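Notes for the one structure printed next.
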Amino acid sequence: MSNDPIVDTKIKRGKATYTYSIIGVALVLFLLGSLGWLVINAGELSKSFKENIEISVILNDNTRDEMAVKLKDIIDKQPFTKSSQYITKDKAAEQFKKDFGEDFLQVLDYNPLYTSVNFHLKSDYMNTDSLIKIEKFLLQSNVVREVFYQKNLVDIMNSNVRRIGYVILAISLFLFFR
C-alpha cells in the first residue's frame, strides 16, 4: 500500500466499479435465465390449454351402438386425436344431472340429449384451418348430426398465445441488445 491518498481512492473506486459490473452482469443473466424458463413453460402451458378443448361429435338419434363405437375407433386412429370417449344418451343424462343438480327426466318423458363421441385434439391441430378440415372429415359420416366445439375460444386462445410470443420476443430482444 502506498501512503498517497489519491492512489488509495482510485483503488477503492476501481473495486466499487468492479463490484457493480459483477452485480449488473449477474442480474442480466438472471433475467435471461428467467425469460428462458418462461419461454419453455409457456410452450407447455399453451400445449396443455389447446389439448383440453373438447370436440363433440353429436350422432343422429337412430344411430346403433355398434356404429357409434365404430366411429369412435375411426376417430381414435386419426393422427389428430389425443383421446376420445363414447357417451351414450344415458351417460349424458347422468352427467347433466351431476353438473346441474336437476333431473330433467322427471319433467320430460324422454331423454332429449344425443349420443356423442367427445375427443381432444393434439395441440398441433388446434387451429382454425385444421378444425375446419377435421369437421368436414367427420361430417362425411351418415351417423354424424353435428360437430361442436367452441370456435371463439379456439380463436381467442390462438391469438393470445401469439400475442404472448410477441411480448416475450420483444423482451428478449431488449435484453439482448441492452
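Derivation of every value follows stated rules applied to the coordinates shown; laboratory data play no part. Everything numeric in this text was worked out from a predicted model, so none of it was measured. Neighbour counts run over all protein chains shown; Cβ positions are idealised from the backbone, glycine included.
Miscellaneous remarks
- The range 45-56 - phi-based ³J(HN,Hα) in whole Hz, Karplus 6.51/-1.76/1.60, Gly and Pro as x: 5, 4, 4, 5, 4, 5, 7, 8, 7, 9, 10, 10
- Largest GNM mean-square fluctuation across Thr19, Thr115, Thr128, computed for the chain with C-alpha springs under 10 Å, falls on Thr19.
- Gyration tensor (alpha-carbon) shape descriptor, the chain, a/c threshold 1.5: prolate
- Residues of the range 97-140 with amide N under 13 Å of a point placed 7 Å along Cα→Cβ from Asp155: 128-129
- Order of Glu66, Glu94 under a 10 Å beta carbon neighbour criterion, fewest first: Glu66, Glu94
- Ordering Phe80, Thr63, Gln95 by the projection of their Cα atoms onto the charge dipole of the range 54-149, which places +1 on the Cβ of Lys and Arg and -1 on the Cβ of Asp and Glu, puts Phe80 at the extreme positive end.
- Under the criterion of Cα pairs below 8 Å and six or more residues apart, the relative contact order for the range 54-149 equals 48 percent.
- Cα gyration tensor shape of the range 54-149, rounded if a/c is under 1.5, else prolate or oblate by comparing a/b with b/c: prolate
- Each Lys and Arg contributes +1 and each Asp and Glu -1, all at the Cβ; summed about the Cα centre of the range 54-149, the dipole is approximately 360 debye.
- Peptides 21-27, 140-146, 84-90 ordered by average Cβ neighbours within 10 Å, highest first: 84-90, 140-146, 21-27
- Local electrostatic count, Asn111, Cβ distance below 9 Å [Lys/Arg +1, Asp/Glu -1]: 0
- Qualifying chymotrypsin sites (Phe, Trp or Tyr not before Pro) in the range 90-136, where qualification requires a DSSP coil assignment and no more than 10 other C-beta atoms within 10 Å, comprise Tyr110.
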